[in-house]
1. If only one of GLY26, GLY74, GLY35 is closer than 19 Å to TYR91 by Cα and assigned to a helix (DSSP H, G or I), which one is it?
2. Considering only the range 44-70, state which residues are acidic (Asp, Glu) and not in a loop (DSSP other than H, G, I, E, B).
3. Take PRO69 and decide whether it is surrounded by 12 or more Cβ atoms within 10 Å (Cβ to Cβ) and more than 26 Å from SER97 (Cβ to Cβ).
4. Pairs please, first residue from the range 5-30 and surrounded by fewer than 17 Cβ atoms within 10 Å (Cβ to Cβ), second anywhere and outside any helix (DSSP H, G or I), Cβ atoms under 8 Å, 6+ apart in sequence or on different chains.
5. Which one of these does TYR115 not meet: (1) within 16 Å of the chain's Cα centre (by Cα); (2) modelled with pLDDT under 90?
Amino acid sequence: MWMYLGLLAALFLGLHNLCKKHAVQGNEVFPVLLGTLLSGFLLFIPLFMSSIYDPEFTKEIGFYIASIPWETHGFIFIKSLIMTASWILAYQSLKASALNHCDSNTLCRPVFYFYWSYFNL
């Protein structure tokens with residue numbers, strides 16, 4: 001079963017990369033990246049608000065977002081700067097070159113997981 005899920009993940013990664021390539025064609029990278037981040041942020045707002053106003057329900061369904069100390073927020077901020085730089089470079093390379101050159105490793109990642117998990121049992 002998990003083999004099929006890994007192949008399904010590879011399919012969705014490929015579709016995601018096609019959508020990214022289509023998004024950066026004729027557009028600047030920063031607005032596309034901002035739109036991507038904002039759409040992901042909008043998906044988490046209901047979970048965050050329900051964690052504040054109805055924590056029992058969100059704990060029950062497994063989507064509770066706990067509060068964290070400011071020191072942890074600082075670490076998350078540093079990681080987010082590193083990830084933003086990585087995403088900007090990845091989107092720039094995706095815009096400048098062919099799809100099969102940019103994300104071949106990303107597309108093959110589930111296949112590599114399958115290979116290593118199957119042969120390293």
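1. Matching residue, one of GLY26, GLY74, GLY35: GLY35.
2. Those that are acidic (Asp, Glu) and not in a loop (DSSP other than H, G, I, E, B): GLU56, GLU60.
3. So PRO69 does not fit the description; no.
4. Note: pairs meeting the criteria are LEU13/ASP103.
5. Checking TYR115 against (1) within 16 Å of the chain's Cα centre (by Cα); (2) modelled with pLDDT under 90, the one that fails is (1).
Listed here are the residues, each with its yes/no results for (1) modelled with pLDDT under 85; (2) of a type in the set (Gly, Ala, Ser).
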site: ASN17; (1), (2): yes, no
site: ALA23; (1), (2): yes, yes
site: GLY26; (1), (2): yes, yes
site: VAL29; (1), (2): yes, no
site: PHE57; (1), (2): no, no
site: LYS95; (1), (2): yes, no
site: VAL111; (1), (2): yes, no
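The values are calculated or read from the model by the stated rules, or taken from the named source; none is laboratory data. In this text, all values refer to a predicted model and were calculated from it rather than measured experimentally. Backbone-built Cβ (ideal geometry, glycine too); neighbour counts: all protein chains shown.
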